[in-house]
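The values are calculated or read from the model by the stated rules, or taken from the named source; none is laboratory data. Given the structure is predicted, the values throughout are model-derived calculations rather than measurements. Please note: Cβ atoms are built from the backbone with ideal geometry, for glycine as well, and neighbour counts cover all protein chains shown. These accessible areas exclude ligands, DNA and RNA; they are computed on the full protein's heavy atoms, side chains included. Shrake-Rupley method; radii C 1.70, N 1.55, O 1.52, S 1.80 Å.
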Amino acid sequence: DLLLDFCPDSAKAKGKDGMTILHYGILYSVSIRIFRKLLIASPPFVATIRDNYGDTALQYGMKYGGGVSIGILRSIISKCPDCVDIADTEYNLTPLQYGL
């Protein structure tokens, strides 16, 4: 809460690896409560931002987030339904194709 209260633009900021706060939330397995707060504070387009490897937060969660809560993935899709159609740049696969 504190970060987003003092710096609301941090929701769309990218790290040196191109990851957003949503990517990092998945990487560090934040609680669903905290993740939802991040999503609420973020405009929907933040969920479409790709990291330096071409992955959105949803793709990142589907590819590498073995311990990611299904609730977090659902929250991303609820915030930005179009995310399910964004293919990665490596194999041209959508997040749902990684889930199969």
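Label 7 Å along Cα→Cβ of ASP85; region 42-77 residues with amide nitrogen under 18 Å?
Residues 44-50, 56-59, 76-77 fall inside that zone.
Residue-wise, which Karplus ³J(HN,Hα) couplings in Hz belong to region 46-63, taking 6.51 cos²θ - 1.76 cosθ + 1.60, θ = phi - 60°, and x for glycine or proline?
The phi angles translate into 4, 6, 9, 6, 8, 7, 5, 9, x, 9, 7, 4, 5, 4, 4, x, 6, 7 Hz.
Please name whichever of THR89, LEU27, THR48 sits farthest to the positive end of the charge dipole of the chain, dipole taken about the Cα centre and charges placed at Cβ: Lys and Arg +1, Asp and Glu -1.
In the chain, that residue is LEU27.
Using only alpha carbon pairs under 8 Å that are at least six residues apart, calculate the relative contact order of the chain and give it in whole percent. Mind dumping the intermediate values first?
Details: 129 pairs, mean separation 24.8, N = 100.
The value is 25 percent.
Within the set of other residues whose C-beta is less than 15 Å from the C-beta of ASN52, count the net charge using Lys and Arg as +1 and Asp and Glu as -1. The partial results should precede the final answer.
Details: positive: LYS14, LYS16, ARG50, LYS63; negative: ASP17, ASP51, ASP55, ASP88, GLU90.
For residues surrounding ASN52, the net value is -1.
Run the dipole for the chain about the Cα centre, Lys and Arg Cβ at +1, Asp and Glu Cβ at -1, nothing else charged, and hand back the magnitude in debye, nearest 20.
Numbers: 10 positive and 10 negative charges, 54 e Å.
Computed about the Cα centre, the dipole is about 260 debye.
How far is it, in nm, from the label point at SER78 to the one at LYS16 when both lie 7 Å from their Cα along the line to the Cβ?
Label at SER78, label at LYS16, 3.6 nm between them.
If you count only protein heavy atoms with a 1.4 Å probe, what accessible area per residue comes out for the chain, rounded to a whole Å²?
Counting only protein heavy atoms, the per-residue value for the chain is 57 Å².
Based on DSSP H runs of at least 4 residues, each adding -39500 (n - 2.57), what is the mean residue ellipticity at 222 nm of the chain after dividing by all its residues, to the nearest 500 deg cm²/dmol?
Details: 6 runs with 45 residues, N = 100.
-11500 deg cm²/dmol, from helical runs alone.
Give me the percent of the accessible area of the chain that comes from carbon and sulfur atoms, probe 1.4 Å, all protein chains in place.
59
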